[in-house]
1. Taking +1 at the Cβ of each Lys and Arg and -1 at the Cβ of each Asp and Glu, which of Asn128, Ser52, Val90 sits farthest along the dipole of the chain towards its positive end, judged by Cα position relative to the Cα centre?
2. Please compute P(r) over all alpha-carbon pairs of the chain, binned at 5 Å starting from zero, and give each bin as a whole-number percent.
3. On the accessible surface of the stretch 70-121, probed at 1.4 Å, how many percent belong to carbon and sulfur atoms?
4. Could you give each residue of the stretch 7-23 its phi-based ³J(HN,Hα) in whole Hz, using Karplus coefficients 6.51, -1.76, 1.60 with θ = phi - 60°, and x for Gly or Pro?
5. Give me the dipole magnitude in Debye, nearest 20, for the chain about the Cα centre, with unit charges on the beta carbon: positive for Lys and Arg, negative for Asp and Glu.
6. At 222 nm, what helix-only mean residue ellipticity would the chain give, in deg cm²/dmol to the nearest 500, using -39500 (n - 2.57) for each DSSP H run of four or more?
7. What distance in nm separates the simple spin-label points at Ser74 and Ser22, each placed 7 Å from Cα in the Cβ direction?
8. Pop out the carbon and sulfur fraction of the accessible area of the stretch 1-66 as a percent, whole number, probe 1.4 Å.
Amino acid sequence: MGISRITDSMMNYGFLSGMNKSLNTQYSLMEQMSDGKRIHRPSDDPVRVIRSLQYRSAIMQNEQYISNVKDAQSWMEMADKATNDLSDIVSQAKSLVVRAIEPNTDIGYAAAAKQLDGLINQAIQVANTQIGYR
């Protein structure tokens, strides 16, 4: 067994190395305290960076899903309303035609045709209903 000798330069190196590590730790902690974020660079904690990116991606996907559902609901509500309106118009047209072809009618063919033309125009307006610019 040999005896090891500790030189002044070894002591200085050990002291400076420990001081440098302490300053780096202090800088890192001060940086975290200044803005409240634990991660500033991917090298700070690669596993947490990957997880945070996955969470952020999942949140964005969920927000897009919610937006798509809201759009689909508005489309379905508008289509349902348009279908109901068209059903009412067709019922009115049917009753008008039935009244016009009865033997003792109180409505003439010209008047019935004019009313049917108005119902057709209403049906066209309902069919051209838009949501926003679509």
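1. Result: Ser52, furthest along the dipole toward the positive end.
2. Taking all Cα pairs of the chain, the binned fractions are 2, 8, 8, 8, 7, 6, 6, 5, 5, 5, 4, 4, 4, 4, 4, 4, 4, 3, 2, 2, 2, 1, 1, 1, 1, 0, 0 percent.
3. The C+S portion of the solvent-accessible surface of the stretch 70-121 is 59 percent.
4. Here the 3J(HN,Hα) series is 8, 4, 5, 5, 5, 5, 4, x, 5, 5, 5, x, 5, 5, 4, 5, 5 Hz.
5. Value, rounded to 20: 740 debye.
6. The per-residue figure over the chain is -28000 deg cm²/dmol.
7. Distance between the two pseudo-spin positions: 6.2 nm.
8. 60
The values are calculated or read from the model by the stated rules, or taken from the named source; none is laboratory data. Source: prediction; values computed, not measured. As a convention, Cβ positions derive from the backbone with ideal geometry for all residues, glycine included, and neighbour counts pool all protein chains shown. Each accessible area value is taken on the protein alone, full model and side chains, heavy atoms only, with ligands, DNA and RNA left out. Shrake-Rupley method; radii C 1.70, N 1.55, O 1.52, S 1.80 Å.
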